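Comments concern the structure below.
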Amino acid sequence: MIHSLFLINASGDIFLEKHWKSVVSRSVCDYFFEAQERATEPENVPPVIPTPHHYLISVLRHHIYFVAVIQSEVPPLFVIEFLHRVVDTFQDYFGVCTEAAIKDNVVVVYELLEEMLDNGFPLATESNILKELIKPPTILRTMVNTITGSTNVGEQLPTGQLSVVPWRRTGVKYTNNEAYFDVVEEIDAIIDKSGSTITAEIQGVIDACVKLTGMPDLTLSFMNPRLLDDVSFHPCVRFKRWEAERILSFIPPDGNFRLLSYHVSSQNLVAIPVYVKHNITFREGSSQGRFDLTLGPKQTMGKAVESVLVSSQLPRGVLNANLNPSQGTYTFDPVTKLLTWDVGKINPQKLPSLKGTMSLQAGASKPDENPTINIQFKIQQMAISGLKVNRLDMYGEKYKPFKGIKYMTKAGKFQICPYNTPFTGFSLTVLTNQIHVFR
């Protein structure tokens, strides 16, 4: 299984390594660094890199590469899922998963990695179980450990480890019994200049925060469960009942956990929530170009489009941009040629626009192609796929809990390309690969 794990920062420095079987030399990461140099963007590094004697499987989270070293063939998604669990565990323990947080809590990090893998095979990956094994760091506990020389490792085996429900500890008690579910959908899309959808897909998750006394048995039903495709469940979900009735039946872990993730790939089910009208022109022999861009909401069911951020990598020949935003602020980096427009919230009554001119190098030829436009946004209380929770029921306990459902849609890799379909001399496969996210 997993022999070693290396953590690499954005500068290419290995700041932490852990070995479970035999010690693997750091030189194996040279193959990763070579692939990193060939990648145009940090997230474009291949997730699986074969070497003469090993396989390197990596994920990028919070500007840190988590690189696992494998000596025999294993399902890559199995390792990738484990690496994501490691990142989520660090975030749960330390609040953030950054290089500084990992270095400040390096003892706890090694203790967690030792418990999560046994001789290279996953053992305990549930947050509930890990927190009973290894206490989360606090200022007081850190001071006591420093003075007494003790560790955060618990003295007793977690109760859930000996149970048929290993993800939930026994004897849970709460004064306020609550169950919250967040339906979060991320839309990846490529839109052509005329506004037609070239490709679009939705990656969705349902995150839960359950704080219920005892051993409750929950059922969650949807109004339109047939929308869900390529579904991945938490181990607590009874899969046979989902196959038969399309109802989620489960005994939940205590606290925060991801109940399921899903995929919607049918383009006729993916509504595009924003539209962009843009006209970026460069004239042959002229030292100026024209930039004109307008944003607006579309198919949002009256919900506000918020936290809108527009970015575009302008051609190298652009020296400066003199633009006038009707809303928000813009910045242009003359070194990287990156134009960023922080729009904020879109007002449907007065659509935001960014207009002005761009200065080009004297004597420079007209750029070969217009730049693509990337958009980030959020829409609260809306699932763009149309997924809706019908009801949540609880069995096995007599109290009545407080229940809440929240929806949110946000942009993943949402691009407006400067071409109209069909393309001339341009590969649709290349564009589609740009928004493919290895999950």
* If you go through the stretch 61-70 one residue at a time, do you hit one that is among the basic types (K, R) and either surrounded by 15 or more Cβ atoms within 10 Å (Cβ to Cβ) or closer than 24 Å to F257 by Cα (or both)? -> yes
* Kindly provide the set of residues from the stretch 271-289 that are more than 25 Å from I198 (Cα to Cα) and at pLDDT 85 or above, ordered by number. => G289
* Structure fact -> When (1) touching an Asp or Glu at 6+ places or on another chain (Cβ under 6 Å); (2) open to solvent by 70 Å² or more (accessible area, probe 1.4 Å) are applied to G328, the one that fails is (2)
* Structure fact -> Across (1) in a helix (DSSP H, G or I); (2) modelled with pLDDT of 80 or more; (3) hydrophobic (A, V, I, L, M, F, W, C), A124 clears everything bar (1)
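Residue check: is L319 more than 22 Å from the chain's Cα centre (by Cα) and in contact (Cβ under 8 Å) with a residue 12 or more places away in the chain? Quick ask: steps written out before the conclusion?
On the way: more than 22 Å from the chain's Cα centre (by Cα): yes; in contact (Cβ under 8 Å) with a residue 12 or more places away in the chain: yes.
For L319, the condition - more than 22 Å from the chain's Cα centre (by Cα) and in contact (Cβ under 8 Å) with a residue 12 or more places away in the chain - is met.
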* **the stretch 390-422, residues that are loosely packed, with under 12 Cβ neighbours inside 10 Å and part of a loop (DSSP other than H, G, I, E, B)** => G396, K398, Y399, K400, P422
* In the stretch 273-299, what count of residues is obtained for those that are surrounded by fewer than 19 Cβ atoms within 10 Å (Cβ to Cβ) and not in a strand (DSSP E or B)? -> 7
* Counting only residues that are open to solvent by 60 Å² or more (accessible area, probe 1.4 Å) and assigned to a loop (DSSP other than H, G, I, E, B), which one in the stretch 71-102 is farthest from N119 (Cα to Cα)? -> V96
* Yes or no: V109 assigned to a helix (DSSP H, G or I) and modelled with pLDDT under 90? -> no
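Just the residues that are among the β-branched types (V, I, T), closer than 14 Å to Y55 by Cα, free of Cβ contacts under 8 Å to residues at least 60 places away in the same chain and not in a helix (DSSP H, G or I), please, taken from the stretch 1-43.
Quick first cut of the stretch 1-43, residues among the β-branched types (V, I, T) only: 2, 8, 14, 23-24, 28, 40.
Next cut, closer than 14 Å to Y55 by Cα only: 2, 24, 28.
Now narrow it down to the ones that are free of Cβ contacts under 8 Å to residues at least 60 places away in the same chain: 24, 28.
Residue satisfying the conditions is V24 alone.
The values are calculated or read from the model by the stated rules, or taken from the named source; none is laboratory data. Since the model is a prediction, treat every value here as computed from it, not as a measurement. A quick note on method: Cβ atoms are made from the backbone with ideal geometry, for glycine too, and the neighbour counts reach across all protein chains shown. With ligands, DNA and RNA removed, areas are computed over all heavy atoms of the protein, side chains included. Shrake-Rupley method; radii C 1.70, N 1.55, O 1.52, S 1.80 Å.
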